[in-house]
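The values are calculated or read from the model by the stated rules, or taken from the named source; none is laboratory data. Fair warning: this is a prediction, and the values are worked out from it, not measured in the lab. Heads up, the Cβs are rebuilt from the backbone with ideal geometry, glycines too, and the neighbour counts pull from every protein chain shown.
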Amino acid sequence: MSYSDLLPAVVSAAERAGSTLLKYYSPTSRPADRKAMYEVGMQAEAASLAVVKAALDGVAPNVGWYDDDSGEPVPAGEWWIVDGAEGAVNLVHGLAEFGVVIVLIRDGEPQLAVARQPIGDLTYVAVRGGGAFLNGERLRVSSKQDLDAAIVAASQAGNGSETHERFGATWAALADRALLVRNTIPTTFPLLALASGQYDAFFQYEPDLPGAAAGTLLATEAGGVATDLAGEPWRPTSTDVLVAAPGLHRAVREVLS
């Protein structure tokens, strides 16, 4: 079965899992502490993942399931990489930017990606070599050429004060040059906006793998350029990521370096 043939089943799984997430969502939700956040977030993710796994094991039984919390490199072969509640912190706070992310990676290259945002009924899909689409409409990245007209997005890294200091320095450097620099989570959503041409560039230190893998495939299939901050092609083993419209990638990388 080709990846294009597999795509409808993946979309169906993502849509059903997204509906499952809505059972844990309320626009008036305001958790009192981290314990409450984690409890709801973990319950939502577990329920969503169960839906995805049951659906995809039936149509692609030979594809393995990679645990991105393992810390191990993605092995050779075909693997599902899934975040059943991407943006769980948003979900538990009554914010709309949460959903389900499903990626199929083969030998270290994302081949298929589906990102489902149940609020708004939005489904983003991409198959390598086949373009990127939102609800059936083809996506294209921004045509901007000038950094001073660019909206640059970033997503906060979670590992220690040294990384946070580095993030702060690069944010400040970009803020001096770009039209606007926005910091948001989760990783997937600014990359979806980039693929749609709404944002012009995105960077992150130590990104989460499901969001980075899905987002880079969607953005590159929409015409964007995805590398690490050194300018090498982005891979699942990369420790940072820079994705931008082709007319801006070099300028943003020069600032970040």
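Below is a table of values for the structure above.
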{"read-out": "The range 103-122, residues that are among the basic types (Lys, Arg) and surrounded by 21 or more Cβ atoms within 10 Å (Cβ to Cβ)", "value": "Arg116"}
{"read-out": "Residue count for the range 32-57, restricted to those that are farther than 21 Å from Gly211 by Cα and touching a residue at least 12 places away in the same chain (Cβ under 8 Å)", "value": "1"}
{"read-out": "Output for the range 172-231, where each listed residue is farther than 24 Å from Arg116 by Cβ, free of Cβ contacts under 8 Å to residues at least 60 places away in the same chain and assigned to a helix (DSSP H, G or I)", "value": "Ala172, Ala175"}
{"read-out": "Answer residue from the range 232-246, given it is modelled with pLDDT of 95 or more and assigned to a strand (DSSP E or B) and is farthest from Thr170 (Cα to Cα) among those", "value": "Pro233"}
{"read-out": "So Val100, is it in contact (Cβ under 8 Å) with a residue 40 or more places away in the chain and crowded, with 18+ Cβ neighbours inside 10 Å", "value": "yes"}
{"read-out": "Residue satisfying all of: in the range 130-155; without any contact (Cβ under 8 Å) to a residue 40 or more places away in the chain and touching a Phe, Trp or Tyr at 6+ places or on another chain (Cβ under 9 Å); surrounded by the most Cβ atoms within 10 Å (Cβ to Cβ) among these", "value": "Phe133"}
{"read-out": "Among (1) out of contact with any Phe, Trp or Tyr (no Cβ under 6 Å at 6 or more places or on another chain); (2) surrounded by fewer than 24 Cβ atoms within 10 Å (Cβ to Cβ); (3) among the small types (Gly, Ala, Ser) - the single one Ala193 does not satisfy", "value": "(1)"}
{"read-out": "Close pairs from the range 115-129: first closer than 19 Å to Val141 by Cβ, partner of a type in the set (Asp, Glu) and assigned to a strand (DSSP E or B), Cβ under 8 Å, at least 6 apart", "value": "Ala115/Glu86; Arg128/Glu109"}
{"read-out": "Test: residue in the range 39-48 that is farther than 12 Å from Ala85 by Cα and either surrounded by 14 or more Cβ atoms within 10 Å (Cβ to Cβ) or of a type in the set (Lys, Arg) (or both)", "value": "no"}
